[in-house]
Amino acid sequence: MDSSNVQKLAQMLHGARRAVFFGGAGVSTESGIPDFRSTDGLYHQQWKYPPETILSHDFFRLKTAEFYDFYRQKMLCPQARPNPAHEALAELEKMGILAAVITQNIDGLHQAAGSKNVIELHGSVLRNHCTRCGKAFGMEDILRSEGVPRCGCGGVIKPDVVLYGEQLPVDAIEGAIDAIARADLLIIGGTSLAVYPAAGFVEDYSGPLVIINKSPTSMDRRADLLIDAPIGKTLAAVMESLQQA
């Protein structure tokens with residue numbers, strides 16, 4: 001890891017008062033949660049259907065049992081714990097530097113680490129609801145069930161995650177747009193910026209920009225600082241630098 005990049009990011013954060021973090025699957029891979037597009041990601045594993053087909057609204061509606069076979073195996077990771085990236089972001093919020101975390105992830109690890117202002121663009125596996133009566137269920141209810149999980153009323157239980165073919169929650173869209181518009185520093189981390197409409201939220205940002213990612217993104221040419229290193233190790237080093245200042 002380039003120590004000069006760590007020092008530069010620490011300096012940028014030291015001068016910020018409304019920094020915003022926009023993150024994707026790469027933030028949670030250090031917690032053991034697989035992403036989609038890397039060499040070992042879900043897109044490179046063999047399934048009867050492509051993951052984006054299985055995780056679609058139509059597939060959930062028409063082939064619910066097969067949806068849940070995949071969902072339980074690959075989307076639920078109850079053993080996962082926050083890694084140094086989640087912990088650093090929570091600490092930056094406590095320090096009054098980070099105003100919001102905008103995440104494309106559905107694992108709830110930012111909240112588990114202590115972050116309070118988390119905007120979940122794609123929902124959360126921790127929340128589920130009955131499609132008939134609206135009753136709420138937790139992740140444990142899905143893990144304990146077999147086949148298609150059902151409510152006591154007989155309705156099918158659906159995860160509160162945004163499936164392909166579904167709209168992002170309006171409150172998440174508005175929250176993300178507002179947070180980015182008011183940011184005095186935007187850090188993009190662990191995302192290829194390939195998933196729309198979520199990735200489009202950062203395209204109009206014109207302030208100081210940092211990108212921490214192990215592969216190129218469409219915003220690299222606009223970044224003030226590019227860091228090609230594991231995000232957990234990077235943010236842990238930045239926090240150490242800030243605490244020593």
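Which residues does a label at ALA65 reach in segment 137-158, if reach means a backbone N under 16 Å from a point 7 Å past the Cα toward the Cβ?
Flagged as within label range: 145-150, 156-157.
Give the aspartates and glutamates whose C-alpha is closer than 15 Å to that of LYS48, dropping any in the same chain fewer than 8 places away, or say none.
GLU66, ASP69
Report, in debye and to the nearest 20, how large the dipole of the chain comes out about its Cα centre when Lys and Arg carry +1 and Asp and Glu carry -1 on their Cβ. Intermediate values should be presented prior to the final figure.
On the way: 23 positive and 28 negative charges, 87 e Å.
The dipole of the chain has a size of about 420 debye.
Remind me, relative contact order of segment 78-217 in percent, using alpha carbon pairs under 8 angstrom and six or more residues apart? Could the numbers behind the result be given before it?
Details: 190 pairs, mean separation 24.5, N = 140.
Relative contact order for segment 78-217 comes out at 17 percent.
Just the number, please: carbon plus sulfur as a percent of the accessible area of the chain, 1.4 Å probe, no ligands or DNA/RNA counted.
Numbers: 5840 of 11760 Å².
The C+S portion of the solvent-accessible surface of the chain is 50 percent.
DSSP beta bridges in the chain, what fraction antiparallel, as a percent rounded to 5?
Percentage antiparallel, nearest 5: 30.
LYS135: which aspartates and glutamates have alpha carbons under 18 Å from its alpha carbon, excluding same-chain residues fewer than 8 sequence positions away?
Once the sequence-local aspartates and glutamates are set aside, what remains near LYS135 is ASP160.
Before anything else, pin down the relative contact order of the chain: Cα pairs under 8 Å, at least 6 apart, normalised by residue count, whole percent.
26 percent
What lysines sit close enough to LYS94 to cross-link, taking a C-alpha to C-alpha distance under 18 Å and skipping anything fewer than 8 places away on the same chain?
List returned: LYS116.
Taking the Cα centre of segment 26-156 as origin, work out the dipole magnitude from +1 charges on Lys and Arg Cβ and -1 charges on Asp and Glu Cβ, in debye rounded to 20.
Approximately 480 debye in magnitude.
What ranking do 232-241, 206-215 get when scored by the average of other Cβ atoms within 10 Å per residue, highest first?
On the way: 232-241: 20.2, 206-215: 18.1.
Ranking, from highest mean packing down: 232-241, 206-215.
At 7 Å along Cα-to-Cβ for each site, give me the label-to-label distance between ARG127 and GLN7 in nm.
4.4 nm
Defining a contact as two alpha carbons under 8 Å apart and six or more residues distant in sequence, what relative contact order in percent does segment 81-129 show?
On the way: 66 pairs, mean separation 19.0, N = 49.
About 39 percent, as a whole number.
Which of the peptides 121-131, 182-192 is most tightly packed, and how do the rest follow, judged by the mean count of other Cβ atoms within 10 Å per residue?
Per-residue Cβ counts within 10 Å, averaged per peptide and sorted highest first, yield 182-192, 121-131.
Using the heavy atoms of the protein chains and a 1.4 angstrom probe, tell me the accessible area per residue for segment 82-137 in square angstrom.
For segment 82-137, the solvent-accessible area averages 38 Å² per residue.
Could you tell me which trypsin sites (Lys or Arg not before Pro) in segment 1-35 are loop residues by DSSP with no more than 13 other beta carbons within 10 angstrom of their beta carbon? Present the calculation step by step, with values, prior to reporting the outcome.
Values: sites: LYS8, ARG17, ARG18; in loops: ARG17, ARG18.
Sparse-neighbourhood loop trypsin sites (Lys or Arg not before Pro): ARG17.
Given H placed on each backbone N at 1.01 Å, which residues far from GLY189 in sequence or on other chains put an amide H within less than 5 Å of it?
HN-HN under 5 Å from GLY189: PHE22, GLY23, GLY24, ILE212.
Average the reciprocal distances over every distinct pair of alpha-carbons in the chain, invert the result, and give the Kirkwood radius in Å.
About 18.8 Å, per the Kirkwood formula over Cα pairs.
HN-Hα J couplings of segment 168-178 from phi, Karplus 6.51/-1.76/1.60, θ = phi - 60°, integer Hz, Gly and Pro as x?
Each residue's phi maps through the Karplus curve to give 5, x, 4, 5, 5, 4, 5, x, 5, 4, 5 Hz.
The values are calculated or read from the model by the stated rules, or taken from the named source; none is laboratory data. Since the model is a prediction, treat every value here as computed from it, not as a measurement. Glycine gets a Cβ as well: all are built from the backbone with ideal geometry, and neighbour counts include every protein chain shown. In case anyone asks, the SASA skips ligands and DNA or RNA and just uses the protein heavy atoms, side chains included. Shrake-Rupley method; radii C 1.70, N 1.55, O 1.52, S 1.80 Å.
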